[in-house]
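Notes follow once the structure below has been shown.
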Amino acid sequence: MAYYDGCISVDLSAIKPMIALPFHPSNVYEIDTLNQNLTDILREIEIESERVAHGKAKLSLLDKVENGRLKVQQGIIAGCSGGNYENVIAAANALRGQSCGNDTFSLAVYPSSQPVFMDLAKKGVVADLIGAGAIIRTAFCGPCFGAGDTPINNGLSIRHTTRNFPNREGSKPANGQMSAVALMDARSIAATAANGGYLTSASELDCWDNVPEYAFDVTPYKNRVYQGFVKGATQQPLIYGPNIKDWPELGALTDNIVLKVCSKILDEVTTTDELIPSGETSSYRSNPIGLAEFTLSRRDPGYVGRSKATAELENQRLAGNVSELTEVFARIKQIAGQEHIDPLQTEIGSMVYAVKPGDGSAREQAASCQRVIGGLANIAEEYATKRYRF
């Protein structure tokens, strides 16, 4: 039995549909509030986008207001949070017999699993959505991290996914391309689709109650997923492709280390998507060195080169040569208690300083990519999420 010292009671029926505007899940407004204050709120987002793009791209939102309504360019219901059975059923209820339109707005739906996909197909829900103009994708979390359905340049996408950090959806400001994501509930996305792409709260429709019971069928898993628990086949060789690489061998840490600051980030928060971008880089997740080439590429493009140069100093140390750091070690030996430090027994590595890094997904690559190109430490005032660690 569990005991608690308090309770937070929330009347869910009193909560109105909300929207998290770019560029953070916490940038939340009621949809009705946004629709009533479009000019002021959207201008704030445009100003923030200028900071995000560092002058290399432009996002305009006020030009998407038509006759007092915000016209979005894309709707996505996807992945672990958005594509569940009830959400897709609700979307079909809103769109059955309707049309998403043939203008700039498009809607894509990603069921959360193959069994969910199969039951939706059996009940005719998939046909209802396709008939309304929606695109049905496979069970995949892709658009959430920029692996597919990247919005058009200067486009605004509304999504029932989990993140809307800058450029997580796949745009590349360094190449002059900018788009953005606002997070919403699946019902409001469906209501928007039924309204031709004009931002619409789910509270404007009354079609959400008809949700038939979900019928789970294990067949897709039984016929495709190998059940290998306690059935180890240790003699069977692993199959490696050219982009599947072992983790590089790393030596033991020495008692002392010398760190070179290779990136200094003074932003209020640094996300894991900035530390290691998602999207097209995901194809390198089986290649630690290949993936590391993208570290901080959207935030500090010079970081990788600086870190690798520091790693080369470490390689020279291991070969018995620390001549390039003679002056550094001479100054270290002037510190009380460090007079007898041995440069050849002092590891050399890079470091990143950031005010508050780690906001976002718990991806170990945010740290490991730094490590494999010579990173030894991060210095921060605090970490945005405690699961981010080095």
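The values are calculated or read from the model by the stated rules, or taken from the named source; none is laboratory data. Note that the coordinates shown come from a computational prediction; the quantities given were computed from them, not determined experimentally. Note: ideal-geometry Cβ built from the backbone for every residue, glycine included; neighbour counts use all protein chains shown.
Key figures
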quantity	calculated
Verdict on Arg306 being in the same structural domain as Gln365 (by TED's automatic domain parsing), closer than 23 Å to Leu325 by Cβ, touching a strand residue (DSSP E or B) at 6+ places or on another chain (Cβ under 9 Å) and basic (Lys, Arg)	yes
Within region 167-192, considering residues that are touching a helix residue (DSSP H, G or I) at 6+ places or on another chain (Cβ under 6 Å) and closer than 21 Å to Gly97 by Cβ, the one surrounded by the most Cβ atoms within 10 Å (Cβ to Cβ)	Ala190
Residues of region 173-184 satisfying the condition of being in a loop (DSSP other than H, G, I, E, B) and either among the hydrophobic types (A, V, I, L, M, F, W, C) or modelled with pLDDT of 95 or more (or both)	Met178
The lone exception for Arg299 - which of (1) more than 18 Å from the chain's Cα centre (by Cα); (2) outside any strand (DSSP E or B) it fails	(1)
Yes/no for Val304 being hydrophobic (A, V, I, L, M, F, W, C), more than 22 Å from Asn378 (Cβ to Cβ) and buried (at least 19 other Cβ atoms within 10 Å of the Cβ)	no
Single condition Ile257 does not satisfy, out of (1) assigned to a loop (DSSP other than H, G, I, E, B); (2) closer than 30 Å to Pro357 by Cβ; (3) over 29 Å from the mean Cα position of the chain (by Cα)	(1)
Tabulated pairs, region 1-14, first closer than 19 Å to Ser203 by Cα, second surrounded by 10 or more Cβ atoms within 10 Å (Cβ to Cβ), C-beta under 7 angstrom, 6+ apart or interchain	none
Close pairs (7 angstrom Cβ cut-off, 6 or more residues apart or separate chains): farther than 30 Å from Asp32 by Cα in region 203-230, surrounded by 10 or more Cβ atoms within 10 Å (Cβ to Cβ) and among the polar types (S, T, N, Q) anywhere	Pro220/Gln114
Conditions (1) of a type in the set (D, E, K, R); (2) closer than 30 Å to Ile15 by Cβ; (3) at pLDDT below 90; number of the one not met by Lys231	(2)
Test for Lys264: is it closer than 30 Å to Pro343 by Cβ, surrounded by 14 or more Cβ atoms within 10 Å (Cβ to Cβ) and charged (D, E, K, R)	no
From Leu313, Leu291, Leu325, residue being in a helix (DSSP H, G or I), in contact with a Pro (Cβ under 8 Å, 6 or more places away or on another chain) and within 19 Å of Gly374 (Cβ to Cβ)	Leu325
Residue identified as more than 19 Å from the chain's Cα centre (by Cα), of a type in the set (Gly, Ala, Ser) and within 29 Å of Pro25 (Cβ to Cβ) among Ala380, Ala292, Ala319	Ala380
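Condition check ((1) over 15 Å from Ile77 (Cβ atoms); (2) charged (D, E, K, R)) across all residues:
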site: Phe117; (1), (2): no, no
site: Gly124; (1), (2): yes, no
site: Ala127; (1), (2): yes, no
site: Gly131; (1), (2): yes, no
site: Thr138; (1), (2): no, no
site: Phe145; (1), (2): yes, no
site: Asn154; (1), (2): yes, no
site: Arg159; (1), (2): no, yes
site: Asn164; (1), (2): no, no
